[in-house]
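J.: Could you have a look at this structure, given as structure tokens, before my questions?
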Amino acid sequence: ETLKSDTSQLPRLSAAMADLPAHASPKLPPQSLPGGLSDNVSQASSTTGEHTPALPESLLSPAFTPPATPGGTVHLDLNPTKVLHQQQAADLEHKSGHAKGPKLLPQLPEVECIVRARIPTTNGAEMFLHLYHNDLDGKEHLAIVFGNNIRSRSLDSVRPGETEMDRMIRGAYVGKLHPGRVSSRYDDEKAGSAFTPKLVEPPLVRIHSECYTGETAWSARCDCGEQLDEAARLMSFPVEDLASDAPPEAQSLQSHSTGGVIIYLRQEGRGIGLGEKLKAYNLQDLGSDTVEANLLLRHPADARSYGLATAMLADLGCGADSIPEGIRLLTNNPDKVRAIEGPNREVLVKERVPMIPLAWRTGGQRGIKSSEIEGYLQTKISKMGHMIQ
Ligand SMILES: Nc1nc2c(ncn2[C@@H]2O[C@H](COP(=O)(O)OP(=O)(O)OP(=O)(O)O)[C@@H](O)[C@H]2O)c(=O)[nH]1
């Protein structure tokens with residue numbers, strides 16, 4: 001009763017909130033903060049007025065850069081940075097004799113899948129996230145597995161002294177977890193469901209390098225987020241009970257059901273890290289392309305390696321020992337194809353499946369639109385040997 005009368009005193013309860021499920025909490029809509037914060041905010045912006053206060057000139061022009069600042073006395077020509085950068089980058093490219101290409105490790109690192117968990121995704125499909133440790137770096141590389149046919153050997157192997165509960169907690173179970181389940185090996189709700197891995201056709205594989213800006217921060221400088229989404233879409237199994245008004249991306253899940261794995265490597269910025277990539281973006285805004293910017297920062301054009309990905313694929317039963325007919329690799333990068341096969345052809349790439357940018361496929365109807373993305377793709381094709389077809 002109290003609740004009811006409180007609610008009636010509050011301003012409008014929005015239709016959306018009225019639709020919240022019974023377990024939503026708190027049950028009451030937020031009350032306005034003491035002192036009316038929102039009022040203060042709007043007041044603050046209105047007192048700021050239309051005009052942004054003038055910046056000190058020292059921030060606006062190199063002419064006012066304090067003389068002690070390194071580089072502050074550089075003489076600038078009409079289009080100085082572009083010319084300067086192109087020359088410097090060309091020199092560096094010439095000296096290194098090679099502007100691209102991943103490092104090939106002489107032998108594969110050791111990897112171990114530490115934990116796996118089922119992740120229902122926002123489009124209705126389901127995947128299993130596998131977290132790996134390795135003896136090469138301290139990073140947590142990931143394998144995103146679609147379907148039940150791909151299993152990690154290191155995860156499934158028995159650890160000394162572990163209980164059935166331990167195994168289920170680290171994800172080393174078959175079938176599905178449900179309240180009351182007691183065996184990791186046998187799902188009693190589905191008698192006879194003991195696992196027999198069976199790959200019906202060469203699995204679809206994507207090797208993806210972390211890109212905070214493109215995947216999380218909505219950047220239109222690259223198509224990393226789009227590529228990750230597209231790989232997941234192609235590997236997702238049909239969604240049961242999909243609403244008829246679901247977006248086209250989710251609808252098309254109905255027709256794609258091959259399963260597969262995305263190896264998600266923590267080599268941000270083609271291996272140079274986020275901080276250096278952000279510097280590279282500033283150099284790009286100053287006129288360099290993506291390769292020149294890396295070189296100007298004294299990094300290789302591509303500082304990545306793929307030994308970890310090869311080792312993870314082998315652990316997931318996608319190596320040449322388990323699938324002699326090979327995998328299908330989603331990429332436009334020819335260097336990746338060779339690199340992923342490993343020093344001793346531990347993995348075989350049967351087929352390269354190209355990733356055409358969505359904007360190109362749909363004549364600009366969908367996908368990323370920005371001048372930066374065109375330059376990014378152009379440089380991949382002209383300088384990094386990418387084949388977008
Ligand atoms: N240094 C640098 N890295 C970038 C830039 N734009 C994107 N990246 C990084 O590039 C990586 C993405 O590359 P991938 O999606 O694996 O693409 P790829 O190797 O070129 O080949 P595909 O398999 O065809 O996609 C991520 O680590 C991004 O952070 C950039 O301008 N500079």
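The values are calculated or read from the model by the stated rules, or taken from the named source; none is laboratory data. This structure is a prediction, so every number in the text was calculated from the model and none was measured. Quick reminder, even Gly has a Cβ in these numbers, built from the backbone with ideal geometry, and neighbours come from all protein chains shown.
Residues are listed down the side, and each one gets a yes or a no for (1) of a type in the set (S, T, N, Q); (2) surrounded by fewer than 19 Cβ atoms within 10 Å (Cβ to Cβ); (3) away from the ligand (no atom under 16 Å from the Cβ):
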position	(1), (2), (3)
Cys318	no, no, yes
Asp321	no, yes, yes
Ile340	no, no, no
Glu351	no, yes, no
Pro354	no, yes, no
Arg361	no, yes, no
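J.: Now, a different point. Within region 363-389, track down each residue that is hydroxyl-bearing (Ser, Thr, Tyr) and buried (at least 18 other Cβ atoms within 10 Å of the Cβ).
T.: From region 363-389, those hydroxyl-bearing (Ser, Thr, Tyr) are 370-371, 376, 379, 382; that's our starting set.
Listed by number, the residues that qualify are Tyr376, Thr379.
J.: Can you find, within region 264-280, the residue that is surrounded by the fewest Cβ atoms within 10 Å (Cβ to Cβ) among those that are within 6 Å of the ligand (Cβ to nearest atom) and part of a helix (DSSP H, G or I)?
T.: Glu268
J.: Still on this structure, I have one more. Looking at Asn294 and the list (1) near the ligand (Cβ under 8 Å from one of its atoms); (2) surrounded by fewer than 23 Cβ atoms within 10 Å (Cβ to Cβ); (3) over 30 Å from Arg151 (Cα atoms); (4) not aliphatic (A, V, I, L, M), which single condition is not satisfied?
T.: (2)
J.: Shifting gears a bit: Is it the case that some residue within region 158-168 is at pLDDT 95 or above, farther than 21 Å from Leu308 by Cβ, in a loop (DSSP other than H, G, I, E, B) and among the hydroxyl-bearing types (Ser, Thr, Tyr)?
T.: Checked against the condition, which is being at pLDDT 95 or above, farther than 21 Å from Leu308 by Cβ, in a loop (DSSP other than H, G, I, E, B) and among the hydroxyl-bearing types (Ser, Thr, Tyr), region 158-168 yields at least one hit.
J.: With respect to Ile373, is the statement that it is closer than 23 Å to Arg266 by Cβ, within 14 Å of the ligand (Cβ to nearest atom), touching a residue at least 40 places away in the same chain (Cβ under 8 Å) and β-branched (Val, Ile, Thr) true?
T.: Details: closer than 23 Å to Arg266 by Cβ: no; within 14 Å of the ligand (Cβ to nearest atom): yes; touching a residue at least 40 places away in the same chain (Cβ under 8 Å): yes; β-branched (Val, Ile, Thr): yes.
No.
J.: Take the conditions within 28 Å of Ala217 (Cα to Cα), assigned to a loop (DSSP other than H, G, I, E, B), modelled with pLDDT under 95 and over 23 Å from the mean Cα position of the chain (by Cα) and apply them to Gly287. Does it pass?
T.: It is false that Gly287 is within 28 Å of Ala217 (Cα to Cα), assigned to a loop (DSSP other than H, G, I, E, B), modelled with pLDDT under 95 and over 23 Å from the mean Cα position of the chain (by Cα).
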